[in-house]
Amino acid sequence: MNVEGLSFSYVLHELPRGRFPFRRWRFELWHGPRLEAAGWRTTERDAARALRRHGSRVGHAMFGLPAPDAAADPGAAFTPGAAVRVQHGAVAFALVPRHLEADGVLSASG
């Protein structure tokens with residue numbers, strides 16, 4: 001069984017330097033008005049991967065499907081601001097930058 005047509009919006013940006021002596025990247029995963037996951041990583045690449053992993057976890061849970069093994073990689077990192085398709089386990093979903101969704105650039109169906 002494969003489930004398609006699912007879309008999440010995301011926010012991914014570098015946090016300003018503060019009390020930590022290293023760079024940090026903040027990520028947020030949204031499904032409509034609901035924040036599904038948020039956090040930070042020390043690299044942009046790891047933050048993008050975290051978005052893919054959380055999207056897969058949430059997508060599988062939404063359809064009552066078991067999530068793939070945590071060690072299974074849902075794909076490579078992507079450039080922030082890009083819309084990407086992810087196929088992981090039994091779920092395919094889109095990651096769309098939140099500003100594009102909010103501006104009405106993308107239709108509700110796509």
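The share of alpha-carbon pairs in the range 3-102 lying farther apart than 18 Å comes to 44%.
A full extension of the chain between A82 and D69 corresponds to an added length of 2.1 nm, given 0.36 nm per residue minus the alpha carbon distance. In terms of its alpha-carbon gyration tensor, the range 1-42 comes out prolate; a/c meets the 1.5 threshold, and the first ratio a/b outweighs b/c.
Using the Cβ-Cβ distance between L35 and L15 with R0 set to 22 Å, the FRET efficiency works out to roughly 0.80.
Highest-first packing order for the peptide set 83-94, 51-62, 14-25, 35-46 is 51-62, 83-94, 35-46, 14-25, based on the mean count of other beta carbon atoms within 10 Å. Charge dipole of the range 1-56 (Cα centre as origin; +1 on each Lys and Arg Cβ, -1 on each Asp and Glu Cβ, all else neutral): 360 debye, rounded to the nearest 20.
Each Cα pair of the range 43-98 feeds into the Kirkwood radius, which the Stokes-Einstein equation turns, at 37 °C and 0.692 mPa s, into a diffusion coefficient of 287 µm²/s.
Read-outs throughout are calculated quantities, based only on the coordinates presented, and are distinct from any laboratory measurement. Here the structure is a predicted model, which is why all the values come from computation and not from measurement. We place every Cβ from the backbone using ideal geometry, glycine too, and count neighbours over all the protein chains shown.
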